[in-house]
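Data block below; observations after.
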Ligand SMILES: [Fe+2]
């Protein structure tokens, strides 16, 4: 087996964003991408005030799932500019958009990378702008992964841009930026990180890096997520959740996700079910399928069990009901068949078993 880290990412933690930025050798011209929320909070002005002797262009836009048209519009708008750094401040969608822009802005209007994605070809990436990722949610792992999701909302397609070139150079983990996260988003993004860690442990591409980071992420999430849900301003627990998100992201860099994510995609696409909820509610049922699997070491299974028990205690079905009736989820079974993701799971799962997993998860017997 050959395994390696993807890239050295420098993480600046334990400082405010404004102090942390001084630790990064930013110079030249900087492109800042963020959302209206952080502009309105004054965070962007405070940050630009700290960046002296650099040229700054700030782009503020609400980005929920980066769309190909939206990304083209942003890159075309700035096609005459040269940037030395991109700083993305926001949730997973903003960071994914910053990562994609880091390789499409240097193309200067050609959009070859996005065209290749749309034609299901591997894009040829020749240049990239270094990215500083500043996550304001704790869960997607976008701050450290080599993937970025790009949607074609007009034609109903979802693409994944995958390249080590889009991995951020620097990550700033400032837990204060997550304090305003509402209860549901705190829960669902935390569950996304838990799903990443769990999907790494029951993964056929499992290796020592994935094992170590996933276990630590699960330990942090099961102990600290309940605390942040009760005390939204608990900085110590918010810090732990940021670390967990990062570590779970490192784990999926190694293995990629598996069956629980395959199940989630059509549910998010069709019913707009929050990603973290859609990719975690089946974990207890999936654990039943692998608990006697000898390819997974006993200690890792213990962590998967910990994750499954934690999710069982959350009564996620009540959250799912706010999006769709459980029986309709079972009808989506054909759309869930994603051979690549299924084949990452430790055991083969046929349609009948998948139906059982869904019925068990949704209390449909
Ligand atoms: Fe995920």
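The values are calculated or read from the model by the stated rules, or taken from the named source; none is laboratory data. Given the structure is predicted, the values throughout are model-derived calculations rather than measurements. Counting neighbours? That spans all protein chains shown, and the Cβs are built from the backbone with ideal geometry, glycine included.
Can you tell me which residue within the stretch 139-181, out of those that are under 20 Å from residue 251 (Cβ atoms) and in a helix (DSSP H, G or I), is farthest from the ligand (Cβ to nearest atom)?
Among those that are under 20 Å from residue 251 (Cβ atoms) and in a helix (DSSP H, G or I), it is 164.
Within the stretch 83-93, does at least one residue satisfy the condition of being surrounded by 15 or more Cβ atoms within 10 Å (Cβ to Cβ), over 19 Å from the mean Cα position of the chain (by Cα) and under 26 Å from residue 193 (Cβ atoms)?
So far as the stretch 83-93 goes, no, none of its residues is surrounded by 15 or more Cβ atoms within 10 Å (Cβ to Cβ), over 19 Å from the mean Cα position of the chain (by Cα) and under 26 Å from residue 193 (Cβ atoms).
Filter the stretch 182-212 down to residues that are buried (at least 22 other Cβ atoms within 10 Å of the Cβ) and part of a loop (DSSP other than H, G, I, E, B) and give me whichever is farthest from the ligand (Cβ to nearest atom).
Among those residues, the one meeting the criterion is 206.
Determine whether residue 280 is in a helix (DSSP H, G or I), within 16 Å of the ligand (Cβ to nearest atom) and crowded, with 24+ Cβ neighbours inside 10 Å.
So residue 280 does not fit the description; no.
Any residue at all in the stretch 232-242 that's modelled with pLDDT of 95 or more, within 30 Å of residue 155 (Cα to Cα), in a helix (DSSP H, G or I) and more than 12 Å from the ligand (Cβ to nearest atom)?
No; the residues of the stretch 232-242 include none that is modelled with pLDDT of 95 or more, within 30 Å of residue 155 (Cα to Cα), in a helix (DSSP H, G or I) and more than 12 Å from the ligand (Cβ to nearest atom).
Of the numbered conditions (1) surrounded by 13 or more Cβ atoms within 10 Å (Cβ to Cβ); (2) at negative phi; (3) in contact with a helix residue (DSSP H, G or I) (Cβ under 9 Å, 6 or more places away or on another chain), residue 65 fails exactly one; give the number of that condition.
Evaluating residue 65 over (1) surrounded by 13 or more Cβ atoms within 10 Å (Cβ to Cβ); (2) at negative phi; (3) in contact with a helix residue (DSSP H, G or I) (Cβ under 9 Å, 6 or more places away or on another chain) leaves (2) as the failure.
On the given criteria, is residue 128 assigned to a loop (DSSP other than H, G, I, E, B) and either within 16 Å of the ligand (Cβ to nearest atom) or at pLDDT below 95 (or both)?
Against the criterion (assigned to a loop (DSSP other than H, G, I, E, B) and either within 16 Å of the ligand (Cβ to nearest atom) or at pLDDT below 95 (or both)), residue 128 does not qualify.
In the stretch 160-179, is there at least one residue being closer than 18 Å to residue 264 by Cβ and crowded, with 22+ Cβ neighbours inside 10 Å?
no
Evaluate the stretch 119-136: report whether one residue or more is over 30 Å from residue 242 (Cα atoms), within 22 Å of the chain's Cα centre (by Cα) and surrounded by fewer than 15 Cβ atoms within 10 Å (Cβ to Cβ).
yes
Could you tell me which numbered condition residue 312 fails, if it satisfies all but one of (1) at pLDDT 95 or above; (2) out of contact with any helix residue (DSSP H, G or I) (no Cβ under 6 Å at 6 or more places or on another chain)?
Condition (2) is where residue 312 drops out.
Among the residues that make up the stretch 250-269, is at least one of them away from the ligand (no atom under 15 Å from the Cβ) and either more than 15 Å from the chain's Cα centre (by Cα) or in a helix (DSSP H, G or I) (or both)?
There is no residue in the stretch 250-269 that is away from the ligand (no atom under 15 Å from the Cβ) and either more than 15 Å from the chain's Cα centre (by Cα) or in a helix (DSSP H, G or I) (or both).
From 122, 222, which residue is modelled with pLDDT under 95 and more than 16 Å from the ligand (Cβ to nearest atom)?
Result of the check over 122, 222: 122.
Name the residue, out of 344, 309, that is within 19 Å of residue 217 (Cβ to Cβ) and touching a strand residue (DSSP E or B) at 6+ places or on another chain (Cβ under 6 Å).
344
With the checklist (1) exposed (fewer than 14 other Cβ atoms within 10 Å of the Cβ); (2) within 30 Å of residue 208 (Cβ to Cβ); (3) out of contact with any strand residue (DSSP E or B) (no Cβ under 6 Å at 6 or more places or on another chain) in hand, flag the one item residue 23 doesn't pass.
In the conditions (1) exposed (fewer than 14 other Cβ atoms within 10 Å of the Cβ); (2) within 30 Å of residue 208 (Cβ to Cβ); (3) out of contact with any strand residue (DSSP E or B) (no Cβ under 6 Å at 6 or more places or on another chain), residue 23 misses (3) alone.
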